[in-house]
Amino acid sequence: MSHTAFIDLNRQVINDYYANHPDQKRWKGFRLCAIDGSQFRLPYEADIIETFGVNQGKESQKDCPLALASVYYDVLNHISIDASINHTKASERACAAAHLQHALSTDLSLLDRGYNAFWLYALYNQEKRFFCMRAKINQGLVFKQFVESGKAQAIITLEANKSSKEACQSRGLPTTALTLRLVRVDLDNNEVEVLITNLIDEQIFPAKEFKALYHLRWGIEENYKRLKQWVEIENFSGKSALSVKQDFYAKVLTTNLVSMAATAAQVHVDKTTRNRRHSYQVNFAQAVSKMKNTLVELLMLSGHFLRKRLNALTDYMACTIEPIRKGRSYPRKKSKKKNNLHFSSYKRSR
């Protein structure tokens, strides 16, 4: 079976979900979508290496086949609107540009500093789409001068240099100067971040709101943790490039269905826990476990039987909850050592 069947199913599910759920969470009317990429480890097989590439190991290590996954993720509603699995050397910026085919005029993209490029700004401008991106302070004089000025925000005119013009021309994009906005974000550790955005209106989008806005981008990092730990997306069922694609897109579809069912269950959770000290949410790991055992059945049912099974599933999810403890934070550990493959707080879903 072609892996595109799961892509088409996912597209249909997403379109129906947004069309029939006008109460979805938004930020100032925007569907808030983060874009990020992540490397996935693959089985060491010739067909897979030929399709996705390999990361050269050190002298005493074996080469490791990898693929670059990229996701266009609704961080407030926990939906992967678009996802792709690509050659390990693929450009994350090119993947981000491809995601824009599925972006609405009411979408706001949140991107990390690795996506900075004049041609990508120009693409957003041409497509009349909105973005907020972390700037590379040390790689642009205009950003350095802005930080040194101490201003909270500034409207700038960004000119394309020679390489930027060539990048735009090769993609059929205009090379005209862009009017953009810089916003200063002071972090708790006395460091400064600069955000670059095409949300120009300072009255509708005050500078003081951008720190909390950009922090919401972290939701896509949590999504990758869920995919790798709870869903075990790197635990592939076959040894061919086709099986890798099948598993990837099938698991993206599954996590979307889990998020939709969990959202329905959350309505019941909010009612039953409204008098408790903490707010509570559906335990996502348990929700994945419950969905895994019923997904095929749901795809086979229709009408009354499907509604009955879905109601039973959401009721079951509403029974497994966890408290939301706001304000907790932990310092990010920086180490040159290889990351742990699994984390105790992200145990696999049974």
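Below is a table of values for the structure above.
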{"item": "Net length gained if the chain between Ser163 and Met1 were fully extended (0.36 nm per residue, minus Cα distance)", "result": "54.0 nm"}
{"item": "Extended-chain gain in nm, criterion 0.36 nm per residue less alpha-carbon gap, Glu322 and Leu295", "result": "7.4 nm"}
{"item": "Dipole magnitude of the stretch 1-133, debye to nearest 20 (Cβ charges: Lys/Arg +1, Asp/Glu -1, about Cα centre)", "result": "500"}
{"item": "Positive-pole candidate from Ser164, Ile233, Leu108, dipole of the chain, charges at beta carbon", "result": "Ile233"}
{"item": "Which of Asp270, Asp188 has the fewest Cβ neighbours within 10 Å, and the rest in rising order", "result": "Asp188, Asp270"}
{"item": "Listed residues Gly150, Ala5, Gln203: farthest to the positive end of the dipole of the chain (Cβ charges)", "result": "Gly150"}
{"item": "Selected from Tyr18, Tyr72, Tyr249 as most flexible by GNM, with the chain as the system and alpha-carbon contacts under 10 Å", "result": "Tyr18"}
{"item": "For Ala312, net neighbour charge (Lys/Arg +1, Asp/Glu -1) across residues whose Cβ lies under 14 Å away", "result": "+2"}
{"item": "Gln101-Glu191 pseudo-label distance in nm [points 7 Å out on the Cα-to-Cβ vector]", "result": "3.6"}
{"item": "The chain, helix-only ellipticity at 222 nm - DSSP H runs n ≥ 4, -39,500 (n - 2.57), divided by all residues, nearest 500", "result": "-12000 deg cm²/dmol"}
{"item": "Signed unit charges on C-beta, dipole axis of the stretch 113-216, positive-most listed residue Ala177, Leu213, Val192", "result": "Ala177"}
{"item": "Estimated inter-spin distance, Thr272 and Asp315, nm [label 7 Å along Cα→Cβ]", "result": "1.1"}
{"item": "Modelled FRET efficiency - R0 41 Å, Gln24 with Lys58, Cβ distances, 0.05 increments", "result": "0.30"}
{"item": "GNM top mover of Ala67, Ala19, Ala117 - the chain, alpha-carbon springs below 10 Å", "result": "Ala19"}
{"item": "Residue order, fewest to most beta carbons within 10 Å, for Met291, Met1", "result": "Met1, Met291"}
{"item": "Point-charge dipole on Cβ atoms (K/R +1, D/E -1) for the chain, about Cα centre, debye to 20", "result": "1100"}
{"item": "Charge sum, other residues only, whose C-beta stays under 12 Å from Val258's C-beta, Lys/Arg counted +1 and Asp/Glu -1", "result": "+4"}
{"item": "Size of charge dipole - the stretch 113-216 - debye, nearest 20, with Cβ of Lys, Arg +1 and Asp, Glu -1, no other charges", "result": "280"}
{"item": "Computed label-point distance, nm, for sites Gln145 and Ile200 using a 7 Å Cα→Cβ extension", "result": "1.9"}
{"item": "Cβ-based exposure ranking for Thr320, Thr106, in which fewest neighbours within 10 Å come first", "result": "Thr106, Thr320"}
{"item": "FRET E, pair Lys208, Glu232, Förster distance 56 Å, beta-carbon r, rounded to 0.05", "result": "0.85"}
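Only the coordinates and a few stated rules stand behind these numbers; no lab work does. This is a predicted model, so every value here is computed, not measured. Ideal geometry is used to build each Cβ from the backbone, glycine not excepted, and the neighbour counts take in all protein chains shown.
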